[in-house]
Amino acid sequence: MNSLIELQGITRSYRLGGDELKVLKGISLRIEEGEFVAIMGPSGSGKSTLMQILGLLDRPTSGKYHLLGQDVSGLSDDQGAILRSRTIGFIFQMFNLLARTSALDNVALPMIYSGAPDREQRALDVLKQVGLEDRLHHRPNELSGGQQQRVAVARSLVNHPKIIFADEPTGNLASDQAEGILNQLKLLNLSGITIIMVTHEPDIAAHAKRIIRIKDGMIVADELTALGDKDSSEGGVAVKTAVRTRSELKLDLSHPHASLAEFREFSASALRALGANKGRSALSMLGILIGVAAVIAMLAIGKGAQKSIEGRLASLGSNLVMLFPGAPSARGVRGAAGDSSRLTLLDSKAIRGLSPGIKDLYPEAEGNVRVVFGAKNTVTEMQGVTPSYASMRNAVPIYGRFFTAREDLIKDRVVVLGTTVVRDLFGTENPLDKTVKINRINFRVIGILPSKGASGFNDQDDMIVAPINTAMKRVLGTQYLHEMAIECASPETIQPVIAEIRRFLRHRHRLPDYKEDDFNLRDMTQMQATLSETTRTMSMLLGFVAAISLIVGGVGIMNIMLVSVNERTREIGLRKAVGAPRRAILAQFLLESAALSTLGGVLGILLGASISLGLSAFAGWSAVVTPQAVLLAFAFSTGVGVLFGFWPARKASLLSPIEALRYE
Ligand code: ADP
Ligand code: MG
């Protein structure tokens, strides 16, 4: 029959600099089921090293190890983890409980990795077994040393192990508490669990049935104690139980499935980790937060501008042609007005009669003016236009009326106010028929323009409209037009009308063939193309800003995750010791960094949305936060967490359990 544990010529050496330090020098031994073995020896003799090899936390440099008759030297890390989780329980000198985690959750931890059902109930049962049913929700720092070690005992039991390894389990305890732990171990041994305990104290070792003494990496004695003698002579209970469990023992190396419980524990652990370092977590989120907020706000403003410009273009009608003085510039809608190219009212009259394809037309001159009413005054834009403006721009007043051609002809001092100007000057008072001073000249208010809303950066209602002759001659003091809007009879007439006007203006400006136009004619399709090009450029710019800020944010998160992995090396070691495979550690830390960056992203979305709302409420900019933008920002911030968290998480998952447990 196979022994439970069989070692043949096990050695373990460490490389220190160039030297080889031999810690174990050929250990051979057998341990049967149901035994209670103490491994004794002076400090530094290799007891812990031996126990770690026995517990599959470490690998021998040479020699053979058979567990349950199967060679386990060739197992992968993850197979070792599975085997640990199903057959082995550990109790350490330093307790190694997860801080800020209740006794119950600490005990349930190994079951997460073994995928066992009814975790809570089982954890409760084993905590009762060690007499801690009234301390379920206490955290390690709220428990005495003895109680903490009893939690550790409960944790080692929770997966029904065949073997429990205890490394100096009473080393940090007062003698009365040590007694309690030893009694627990004895009881467990009676129930059939093999106990292998490392100690350097003879009176502790005396509780075992067999003592293996090692010195300098070699076994120097192996004998039964008085307890062991009695046991074997009576054919003890433990051995009988062991025989009964024998048939169940089998090395099952199938992987447990990732479970919802696992996910929940990871989330809880991520929240604990974030909560434990609130300031640090907040700071590391800042990069993502600011980046996402900026992107959301800029997208909202860009979208708002685009929407209102589109709306404005649509309200202009699709058969519209705009004429600007100055050569067409590569991008902007308006070319700069040059000396050589000026449009006058005479031009507009001439163009009006140029072609039957022209349905209507208005010239426009503009300038900033100060408008005063009573004690209030405001600076706004005055547009001098003709009555055609009202129909072509959908600007027929709801209150009052537009001016007439006759009023324009006689340069009458009448004005139609935009709603912003009305609000600024009149508040709730009725402005109709009131007299305002525009650049010190009295004007009569005859109407209020329908509200158009804000267009990106400017408020379209912050303007006044007056007859163009009045505006040019009485107020602005100019003879030149700012632009001309021409409405064509049908879409088909647009191109002929443009050609006609071009021919006319080139002739009128005496432009030789080799010279370019000194004016700029654009139809709506061109304006829309310009607009979408501008929008595209802006989106690219935004994308660039977003990418940079997310990278900066991601590096911040990666940095903090590396620190976190470093700080929690012991925790990682413990998780691996109780059976966590690489995948689980990787998932845990990925989840944590994703949570960090997603939280940053969500806060960033909220901040960005409030900035957008604030801008539209107080600065009058139109800003539209679209669901797509929010979704995009959310997805990106989560993605950044996963991407930049991967390296730290992988680093954590590759830590060897004992390096991690020994880490100070
Ligand atoms: P103990 O019997 O006190 O439990 P250990 O098994 O912990 O002793 O250690 C045995 C020897 O191995 C000690 O001299 C220790 O310094 C050495 N040792 C343990 N781990 C390492 C390591 N990772 N690298 C180098 N030397 C080590
Ligand atoms: Mg030791």
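The values are calculated or read from the model by the stated rules, or taken from the named source; none is laboratory data. Predicted model, so just to flag it, every value in this text is computed and none were measured. Every residue, glycine among them, receives a Cβ derived from its backbone with ideal geometry; neighbour counts consider all protein chains shown. We work out accessible area using only protein heavy atoms, side chains counted, and drop any ligands, DNA or RNA first. Shrake-Rupley method; radii C 1.70, N 1.55, O 1.52, S 1.80 Å.
See the values below:
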quantity: Any pair with Cβ under 7 angstrom, 6 or more apart, that starts in the stretch 1-19 at a residue that is within 20 Å of E33 (Cα to Cα) and ends at one that is open to solvent by 80 Å² or more (accessible area, probe 1.4 Å) and among the charged types (D, E, K, R); calculated: S3/R30; I5/R30; E6/R30; Q8/K64
quantity: Some residue of the stretch 577-600 being assigned to a helix (DSSP H, G or I), within 16 Å of ligand 1 (Cβ to nearest atom) and either in contact with a helix residue (DSSP H, G or I) (Cβ under 6 Å, 6 or more places away or on another chain) or not assigned by TED's automatic domain parsing to the domain that holds D462 (or both); calculated: yes
quantity: Of the criteria (1) touching a Pro at 6+ places or on another chain (Cβ under 9 Å); (2) β-branched (V, I, T); (3) under 18 Å from W647 (Cα atoms), which one V578 fails; calculated: (3)
quantity: Considering residues of the stretch 381-407 that are open to solvent by 60 Å² or more (accessible area, probe 1.4 Å) and in contact with a helix residue (DSSP H, G or I) (Cβ under 8 Å, 6 or more places away or on another chain) only, the residue nearest to E487 (Cα to Cα); calculated: N394
quantity: Entirely in the stretch 379-485, the helices (runs of 4 or more DSSP H) that have 1 or more residues that are closer than 24 Å to G311 by Cβ; calculated: 388-392, 419-426
quantity: Subset of the stretch 486-497 that is in a helix (DSSP H, G or I) and surrounded by fewer than 20 Cβ atoms within 10 Å (Cβ to Cβ) - its residue that is modelled with the lowest pLDDT; calculated: P491
quantity: R86, sole failed condition from (1) part of a loop (DSSP other than H, G, I, E, B); (2) of a type outside the set (V, I, T); (3) modelled with pLDDT under 90; (4) away from ligand 1 (no atom under 16 Å from the Cβ); calculated: (1)
quantity: Meets criteria (of a type in the set (G, A, S), within 27 Å of S3 (Cα to Cα) and not in a helix (DSSP H, G or I)) for A116; calculated: no
quantity: Unmet criterion (only one of (1) farther than 23 Å from G579 by Cα; (2) within 16 Å of ligand 1 (Cβ to nearest atom)) for N2; calculated: (2)
quantity: In the stretch 577-608, the residues that are within 17 Å of L97 (Cβ to Cβ) and either open to solvent by 10 Å² or more (accessible area, probe 1.4 Å) or modelled with pLDDT under 90 (or both); calculated: V578
quantity: Candidates Q52, Q79 - the one that is more than 13 Å from ligand 1 (Cβ to nearest atom) and either open to solvent by 10 Å² or more (accessible area, probe 1.4 Å) or outside the structural domain of V578 (by TED's automatic domain parsing) (or both); calculated: Q79
quantity: Condition met for L109 (away from ligand 2 (no atom under 16 Å from the Cβ), open to solvent by less than 50 Å² (accessible area, probe 1.4 Å) and part of a helix (DSSP H, G or I)); calculated: yes
quantity: Pick from the stretch 51-83, criterion in contact with a Lys or Arg (Cβ under 8 Å, 6 or more places away or on another chain) and outside any loop (DSSP other than H, G, I, E, B), ranking: nearest to ligand 2 (Cβ to nearest atom); calculated: I53
quantity: Residue satisfying condition, being out of contact with any Ser or Thr (no Cβ under 8 Å at 6 or more places or on another chain), open to solvent by 20 Å² or more (accessible area, probe 1.4 Å) and either within 16 Å of ligand 2 (Cβ to nearest atom) or part of a strand (DSSP E or B) (or both), within set Q121, Q93; calculated: Q93
quantity: In the stretch 17-49, residue least open to solvent (accessible area, probe 1.4 Å) [restricted to those that are within 16 Å of ligand 2 (Cβ to nearest atom), among the polar types (S, T, N, Q) and out of contact with any Lys or Arg (no Cβ under 6 Å at 6 or more places or on another chain)]; calculated: S48
quantity: Qualifying residue in the stretch 452-475 (condition: more than 30 Å from A297 (Cβ to Cβ) and free of Cβ contacts under 8 Å to residues at least 60 places away in the same chain); calculated: no
